Amino acid sequence: MPTKTFIKSTLKWIFILFSLSLCLIIIAYFFISDLKQELPDIQQLHNVEYQTPLSIYSYDKLLLAQFGEKKRIPIHIKEVPQQLINAFLAAEDDRFYSHPGVDYRGLIRATFQLLWTGKKKQGGSTITMQVTRNFLLTREKTYIRKIKEIILSLQIEREYSKDQILELYLNKIYLGHRSYGVAAAASTYYDKTLRDLNLAQLAMIAGLPKAPSSYNPISNPERALQRRNYVLRRMLKLGYIDQAEFDIAFNSPVTATLHSNQLDAPAPYIAEMVRQEIVEQYGEKAFSLGLKVFTTINSTMQATATHAIQSALHNYDQRHGYRFLPHANKISTELKTSDFTTIADTQSAHIVEINDDIATASLADKSLIEIPFEQIKWARTFKSQNYMGPKLKSINDVLKVNDLVRVRQLKDSRWSLAQIPNTEAAFVALNSNDGAILALSGGFDFFHNKYNRVIQSKRQPGSGFKPIIYTTALENGFTAASLINDAPVVIDDPSQINAWRPENYSKKFFGMTPLRTALRKSRNLISIRLLRELGIKKVTDTALRFGFKQEQLPKGLSLALGSGYASPLQMATFFSVFANGGFLIEPYFIDRIEDNKGKVLFQATPKIACPSCEDSSIGDVHYASRIISPQINFLMNSLLRDVVQRGTATKAKVLGRTDLAGKTGTTNEQRDAWFNGFSSGIAASAWLGFDTSKPLGRNETGGKAALPIWIDFMKTALKDKPEQSLVIPAGIEKVYIDPKTGKLAQTDSHGIWEYFRNENSPSEYSYLDVNAEELEETDEDSLF
């Protein structure tokens, strides 16, 4: 009887359990059916668009800058080293190539763990499930999401190969310090590509997904080492490495350091210009689309321009003294890493020892350097822009042990005492034939001061504006030999208490002077007389042709001396006209834009200067407008070459070329120093001054302060470029003249050869016996 009752009871419970199971299956079926309708489409993984930063490159394809929150370098699975794959399998999912997307043993283990402890300690997530979670689902931690994750993982495994899934995973995972994907991690922590990493480094990266912050080799190297060694032990256990490989990697130290800005050729000023332009076109999404912007920048020229500006500013500082009071920067507490900073080419240094002729200093990395007295003695106390303290007799006159100072390393590897300049400078170089910006630096250090003086500043161009006056004069019947009286000028202005009495820089007067000499020596009074004779309207019209705006041009005679305003980019554009044969080009800095797959979204089509072309465009080629005739352009080139060979820019002769041309510019009280010049298809403008327009100090002319920037740049830019001879165009003739009268000279007299347009060529002879050297007095360049 008990047996019969037991059997009935057992059958009853079996029936109940069967009924419950059937109900659960039915419920689960309808639940999953409804759930499937909510699931995202796994087909979208065929066309994954990774969030990758905006990358900006030079014309020669070197990385200038990147913008975006996520650092990612997508790679193909075939580019991933096998040992890195093995390391991830060992750390995350060793049955990846055998399970169907869900590791049932792992899930069962996680379920028992949950039932036994009430806590979820092991998730049982496979690599496929992590791909599902990262690409298709939210980060919420619910059981419904887990069920979705399982269903989607099974679907993904039926749709995609294991290698495709693994590639998605290795490109997507977050690995700390804004790095997404394994290639970005290799760059961030080791400044290397994946193929250049050793086993210990590969294992370190493979250990990061579990906890990118807790196991990070930068922020937590001890725990990172433990995690790395765990990965290595798993690789050894699974047979991915042998004992010898394990021992070498296990005993390797942590070598990761943060490389947050792995740029091939930093150019922050131009990069910011590009960033603003791209955001204007694409909006904020530009930082995650993976766009590649190729600029017109030549990386070698850019590096040279940056160094030239920094060198010129340091040289100016050394001419005017050390602005720190002796020992005012002495420290009394222990230094921290944050006390050491790097600004441009200068860095902090802690003076630890001083001997007779050498100061020893410690840098941020604790390395020791020696600063010879030869590179310290410039540091006489700054008094004003025109005065310094007495010459230093020893290092102790300016430095003491424990001082925190700034230093810079020179080209010959020696170290020099330095300071952060309080003057600024700007430089830009253009391809004069199409306007491509080849190099641009808007100041001493972008990260110290983001103001881009190349495009944002409005400075008086000073004598750099004079070629506008001379172009107008030549177009209106004057010649290079025309004589103008270099004599005092008094200009009454009803709005001023006193009359304006402009002067030459030398405060001397030189009498009747040919235009060639006047421009070469930058005679202010002659420019004023020319403007007065030509009329302000004619000169203004010429300036407008060269790209100036009406609001930049004052309506008084001070216009002759460059009292309006312009930016260095505008000045370089202005001088490009003379460099390219007489055409107005438009500066540009973006050559092309590509999407993340290499498709060209934009290609620049600049207008090109073409002296031999007649049509304004042929096909996709567009030509710039001619604004001065070939004859006027030739004459201006001849005059501007003379400025370098015999005038205010003779320092440039150090380049050893005869095809250099340009014009210095120095404004009132030396508030601005300029040199604008060109050669071999490159037009460049250099400026130096205070942002506050304070005077630079006595003798700080364009030829002294700004010209060295241009020279340093051109040493590199013109290397291996053949000299370009000045070809005489039709309509120009070469005539032997008497420079004192501008008339024809006897061949046996002390005359000179001069160029004239045919219609302005002299026809009368001079009967004066003149020595041309009498006209070669020295004068410098200035606005007033």
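The values are calculated or read from the model by the stated rules, or taken from the named source; none is laboratory data. In this text the structure is predicted, and so the values were computed from the model without any measurement. All Cβ positions, glycine included, derive from the backbone under ideal geometry; neighbour counts span all protein chains shown. When the accessible area is computed, the model is the full protein with side chains, heavy atoms only, and any ligands, DNA or RNA have been set aside. Shrake-Rupley method; radii C 1.70, N 1.55, O 1.52, S 1.80 Å.
Values for this structure:
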{"item": "Mean ellipticity per residue at 222 nm, deg cm²/dmol - from DSSP H runs of n ≥ 4 across the chain, formula -39500 (n - 2.57)", "result": "-10500 deg cm²/dmol"}
{"item": "Distance in nm between pseudo-label sites at His76 and Leu544 (7 Å out along the Cβ direction from Cα)", "result": "5.9"}
{"item": "Relative contact order of the chain, defined on C-alpha pairs under 8 angstrom at six or more residues apart (%)", "result": "11"}
{"item": "Signed unit charges on C-beta, dipole axis of the stretch 183-341, positive-most listed residue Leu289, Asn216, Ile309", "result": "Asn216"}
{"item": "Global form of the chain, assessed from the alpha-carbon gyration tensor, a/c cut-off 1.5", "result": "prolate"}
{"item": "Reachable aspartates and glutamates from Lys694, criterion Cα separation under 15 angstrom, eight or more residues apart if same chain", "result": "Asp317, Glu424, Glu669, Asp672"}
{"item": "Cα gyration tensor, the stretch 428-517 - rounded (a/c under 1.5), prolate or oblate", "result": "oblate"}
{"item": "Stretchable slack from Phe324 to Gln262, in nm (0.36 nm times residue separation minus alpha-carbon distance)", "result": "18.9 nm"}
{"item": "Heavy-atom SASA rank of Tyr588, Tyr230, Tyr470 (probe 1.4 Å, accessible area, largest first)", "result": "Tyr230, Tyr588, Tyr470"}
{"item": "Reachable lysines from Lys734, criterion Cα separation under 19 angstrom, eight or more residues apart if same chain", "result": "Lys743"}
{"item": "Heavy atoms of Ser685: accessible area, 1.4 Å probe, square angstrom to 10", "result": "0"}
{"item": "Solvent accessible area, Å² - Ile455, 1.4 Å probe, full protein context", "result": "80"}
{"item": "Potential lengthening between Glu723 and Ser9 on full extension [0.36 nm per residue; Cα-Cα distance subtracted]", "result": "246.1 nm"}
{"item": "Modelled label reach - Ile491, point 7 Å along Cα→Cβ, the stretch 504-547 residues with backbone N closer than 12 Å", "result": "524-533, 535-536"}
{"item": "With DNA, RNA and ligands ignored, accessible area of Met388 (1.4 Å probe; Å², nearest 10)", "result": "60"}
{"item": "Longest DSSP-loop-exposure-free segment, GluC sites (Glu not before Pro), the chain, at most 11 other Cβ within 10 Å", "result": "335-613"}
{"item": "The chain: DSSP helices with Cα axial extent of at least 30 Å and average Kyte-Doolittle hydropathy no lower than -1.0", "result": "2-38, 299-320"}
{"item": "Net length gained if the chain between Lys694 and Thr255 were fully extended (0.36 nm per residue, minus Cα distance)", "result": "153.1 nm"}
{"item": "Assigned charges on the beta-carbon of Lys, Arg, Asp, Glu; the chain dipole about Cα centre (debye)", "result": "3360"}
{"item": "Longest to shortest principal axis, alpha-carbon extents of the stretch 520-570, angstrom", "result": "26, 23, 16"}
{"item": "Residue pairs, from the table Lys521/Lys651; Lys458/Lys549; Lys377/Lys400; Lys411/Lys651; Lys450/Lys663; Lys521/Lys715, whose Cα atoms sit over 18 Å apart", "result": "Lys411/Lys651; Lys450/Lys663; Lys521/Lys715"}
{"item": "All-pairs Cα distance distribution in the stretch 205-249, expressed in whole percent, bin size 10 Å", "result": "31, 47, 22, 0"}
{"item": "Alpha carbon centroid spacing (whole Å) that separates the stretch 393-417 from the stretch 571-641", "result": "47"}
{"item": "Cα→Cβ-extended label distance, 7 Å offset, between Lys192 and Phe602, nm", "result": "3.8"}
{"item": "Global geometry of the stretch 222-381, whether rounded, prolate or oblate, following the gyration tensor of its Cα atoms and the 1.5 cut on a/c", "result": "oblate"}
{"item": "Residues of the stretch 353-379 with amide N under 17 Å of a point placed 7 Å along Cα→Cβ from Phe340", "result": "353, 360-371"}
{"item": "Residue (of Ala481, Ile14, Tyr189) at the positive-pole extreme of the chain, dipole from beta-carbon charges", "result": "Ile14"}
{"item": "Label-point gap, in nm, between Asn355 and Tyr97 - each point 7 angstrom along Cα→Cβ", "result": "6.3"}
{"item": "Summed residue charge, Cβ within 12 Å of Arg641's Cβ, Lys/Arg positive, Asp/Glu negative", "result": "+3"}
{"item": "FRET E, pair Tyr736, Val621, Förster distance 41 Å, beta-carbon r, rounded to 0.05", "result": "0.45"}
